[in-house]
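The structure appears right after this line, and notes come after that.
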Amino acid sequence: MRRRLLLILSLIAAAAAPAAEPFRKNSIVLLQPMAMLERRAEVNPLSEYILALQASAERFTATLQDKSSRNGFIVFATRPDKSVKVWLDFKPDLPAEESLALISQLEAVAACPVREGTVVVALNVSTWPQGDPLPTMAMPAPKEWLEAVKGQDSVEVTQLVDSIWPPKAVE
């Protein structure tokens, strides 16, 4: 009787267990001082933009054939002209074709209004997490960023982003 009860309870628990989620947002990493971000963009539209990027990334992740667990960052920058640049920093890396497709999809999301300068934020995320603990990566380090800062002690993030992705000349 006891065995049967345990068997029934384990079957119910297995049936109630949630399927693996394709995407988990672990945190939002503000890469610029809060005062600078508040001067450059309003909080509510920026929050809505972050949620739109998150939803787009989640939809994309659900379509991946490779359901390997990955941790890392989706880093985005946007400017007053509504231009957007996205970098990925996943461990292990997404295949190149999928990285380019995800970047393209995220860059197509309508940007939030920016009053001045460049706004840079990162989403710390996991794709197809399999009971993984929260990742230990504290700050994003996309390959393009690492290449740009080689030989330098430190670079402020806005300067780094503007050096890799120069603002359009104002006419």
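The values are calculated or read from the model by the stated rules, or taken from the named source; none is laboratory data. What you are looking at is a predicted structure, and each value in this text was computed from that prediction instead of being measured. FYI the Cβ positions are ideal-geometry reconstructions off the backbone, even for glycines, and counts take in every protein chain you see. For the accessible areas, the whole protein counts, side chains as well, though only heavy atoms, and no ligand, DNA or RNA atoms are used. Shrake-Rupley method; radii C 1.70, N 1.55, O 1.52, S 1.80 Å.
Can you give me the long-range amide H partners of PHE73? Hydrogens built in the peptide plane at 1.01 Å from N, cutoff under 5 Å, separation of 5 or more residues or another chain.
ASP89, PHE90, VAL125
Please give the peptides 66-75, 156-165, 141-150 ranked by average Cβ packing (other Cβ atoms within 10 Å per residue), highest first, as a rough proxy for protection. Spell out each step's value before the answer.
Working: 66-75: 18.9, 156-165: 16.4, 141-150: 13.2.
Ranked from most to least packed, the peptides come out as 66-75, 156-165, 141-150.
By average Cβ neighbour count within 10 Å, what is the ranking of 38-48, 82-92 from highest down? It would help to have the intermediate numbers written out before the result.
Details: 38-48: 14.9, 82-92: 17.7.
Descending mean neighbour count gives 82-92, 38-48.
Taking H as built 1.01 Å from N, whose amide H comes closer than 5 Å to the amide H of SER27, not counting residues under 5 places away?
HN-HN under 5 Å from SER27: ASN124.
Roughly how many percent of the accessible protein surface of region 28-144 is carbon and sulfur, given a 1.4 Å probe and a whole-percent answer? The partial results should precede the final answer.
Details: 3220 of 5560 Å².
Roughly 58 percent of what the probe reaches on region 28-144 is carbon or sulfur.
By how many nm would the segment from GLN159 to ASP93 grow when fully extended, if each residue of separation counts as 0.36 nm and the alpha-carbon distance is taken off?
Working: separation 66, 0.36 × 66 = 23.76 nm, distance 2.55 nm.
Working it through step by step, the gained length comes to 21.2 nm.
Which lysines have a Cα less than 16 Å from the Cα of LYS85, not counting those fewer than 8 places away in the same chain?
Cα-Cα hits under 16 Å: LYS143, LYS168.
Relative to 2.2 N^0.38 Å, what does the C-alpha radius of gyration of region 34-171 come to as a ratio? Two decimals please.
Working: Rg = 15.3 Å, N = 138, 2.2 N^0.38 = 14.3 Å.
Relative to the rule-of-thumb radius for its length, region 34-171 sits at 1.07.
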